[in-house]
Each structure stands twice: as C-alpha cells, then as structure tokens.
Amino acid sequence: MPDTLHLLLIQRQNPPFQGMWALPGGFVEENEDLEEAAIRELKEETNINAPQLVQIGAFGKPGRDPRGRVISIAFLLVMPFENLKPTAGDDAKNACFFPLNQLPILAFDHQSIIAHACQKLLFLLNGEKEDNPFALEKVDKKVLQKILKEALEKISRKI
C-alpha cells in the first residue's frame, strides 16, 4: 500500500495562469456529454485513457476564471498510477503526478476542487454509498482514509 496518493496535474501552456499547474480539463463541445468531454480532455492533455469517471461536483463561483463566467463540472478517477506515463498534449506544457500532500500552487480554484474530491473519496471509503465505482474494497481503507484526511487538512489550509 502506498504511503501517499498522487494527483495528475498539467502545466498550463497558455494564459490565463500560463506556466502554472492545474487539473486537466477544457471546454465541452456542442453535442458532447459531460463525462465524454472529461475523458476526451484527459486524453488530449495527458495521453491517459480513463475507463470510468465519477462526477464530484459543479464549481461556478463568479471570478474563478479571469476569461469570464465559467462553470466547471469536475470528475474523479482513482487508479494505480505506477505504470501510467503521462505526456503533455493539446494546451498542456507538461503533465505529471504530484504527491497529494505536496501539491504546487494551483491555477484557478483547483485547490478547492481537489479538497472537494478528497471529501468525496472519504465519503465513498466510509461506505456511505453502496455503488462504489472505484473497487476500493481492494485497498486498506484505514490507510487510505488517513492519507486523505492528512492531505485534506493541508490543502484546506492553503484555500
């Protein structure tokens, strides 16, 4: 069992927040489903294929994007990363994994989105939802809960 979780981030190639680290993402195309858009953007920016995503929330606080009013629908993917080799593509300058407890300063409101994702994963680990999409029964839940709680505390201090 790993002693930490890792998060995939991209380094932004273009403004706003050029050069800063961010969650992979982009805009939904006209006739595209939200999850399909998230899977497509992940593939375009990191060359990683997502078998299944779980929607974790909508984020739309005014001023979160200097380009104007932008609503983000965030998704979560949990999978072993050891064999994944992200490569930057599309509008990403770089793509790599960071330990969840050692994240760089992030663009937009991505720190808040990550905190929300940690809370969602803790919720799933606590067994409060029957249809757990991540096969988390195969991991040591107590260790994972401890990692998530420590990371969430650290992330929350930065928000």
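The values are calculated or read from the model by the stated rules, or taken from the named source; none is laboratory data. Because the structure is predicted, anything quoted here is derived from the model rather than measured. All Cβ positions, glycine included, derive from the backbone under ideal geometry; neighbour counts span all protein chains shown. The area values use the complete protein model at the heavy-atom level, side chains included, leaving out ligands, DNA and RNA. Shrake-Rupley method; radii C 1.70, N 1.55, O 1.52, S 1.80 Å.
Give a quick list of chymotrypsin sites (Phe, Trp or Tyr not before Pro) in region 1-103 that DSSP marks as loop, anything other than H, G, I, E or B, with at most 10 other Cβ atoms within 10 Å.
Working: sites: Phe17, Trp21, Phe27, Phe59, Phe75, Phe81, Phe97; in loops: Phe17, Phe27, Phe81.
Filter output for region 1-103: Phe27.
Would you mind computing, in nm to one decimal, how far apart the modelled labels at Lys149 and Asn94 are, each placed 7 Å from Cα along Cα→Cβ?
For Lys149 paired with Asn94, the spin-label model returns 3.4 nm.
For the chain, what does -39500 (n - 2.57) per DSSP helix run (n ≥ 4), summed and divided by total residues, give at 222 nm, in deg cm²/dmol to the nearest 500? If you can, show how the numbers build up before the last one.
Numbers: 3 runs with 47 residues, N = 159.
Per the formula, -10000 deg cm²/dmol.
Between Leu122 and Ile73, what is the label-point separation in nm under the 7 Å Cα-to-beta-carbon projection?
Here the answer is 2.7 nm between the modelled labels.
Under 12 Å from the Cβ of Asp109, count the other residues' Cβ atoms, weight Lys and Arg +1, Asp and Glu -1, and hand me the total. Could the numbers behind the result be given before it?
Working: positive: Lys61, Arg64, Lys158; negative: Asp65.
Counting the neighbours of Asp109, the net charge comes to +2.
Can you give me the P(r) profile for the chain? Cα pairs, bins 5 angstrom wide beginning at 0, each as a whole percent.
1, 9, 17, 22, 23, 16, 8, 3, 0
Roll a 1.4 Å probe over the protein heavy atoms and report the accessible area of Arg40 in Å², nearest 10.
50 Å²
All other residues with a Cβ under 14 Å from the Cβ of Ile71 taken together, and with Lys, Arg as +1 and Asp, Glu as -1, what is their net charge?
Working: positive: Lys61, Arg64, Arg67, Arg69; negative: Asp65, Asp109.
Local net charge: +2.
Report the accessible area of Glu153, computed with a 1.4 Å probe over the heavy atoms of all protein chains in place, in Å² rounded to the nearest 10.
Here the residue's solvent-accessible area equals roughly 120 Å².
So if each residue of separation counts as 0.36 nm, and I subtract the Cα-Cα distance between Ala58 and Glu35, what length gain in nm does that give? All intermediate terms of the calculation are to be shown ahead of the outcome.
Values: separation 23, 0.36 × 23 = 8.28 nm, distance 1.27 nm.
Difference between extended and current length: 7.0 nm.
Using amide H atoms built 1.01 Å from N in the peptide plane, name the residues 5+ places from His6, or on other chains, whose amide H lies under 5 Å from its own.
Answer set, sorted by chain and number: Leu100.
Pairs of lysines 8 or more apart, or on different chains, with alpha carbons under 17 Å: count those in the chain, would you?
Lysine pairs meeting the criterion: 16.
Given H placed on each backbone N at 1.01 Å, which residues far from Phe75 in sequence or on other chains put an amide H within less than 5 Å of it?
Long-range HN contacts for Phe75: Ile56.
Using heavy-atom solvent-accessible surface (probe 1.4 Å) with all chains present, what is the largest-first order of Thr87, Thr46? Walk me through the intermediate numbers first.
Values: Thr87 70, Thr46 0 Å².
The most accessible residue leads, giving Thr87, Thr46.
Using Cα pairs closer than 8 Å and at least 6 residues apart in sequence, work out the relative contact order for the chain, in percent.
Numbers: 222 pairs, mean separation 45.3, N = 159.
It rounds to 29 percent for the chain.
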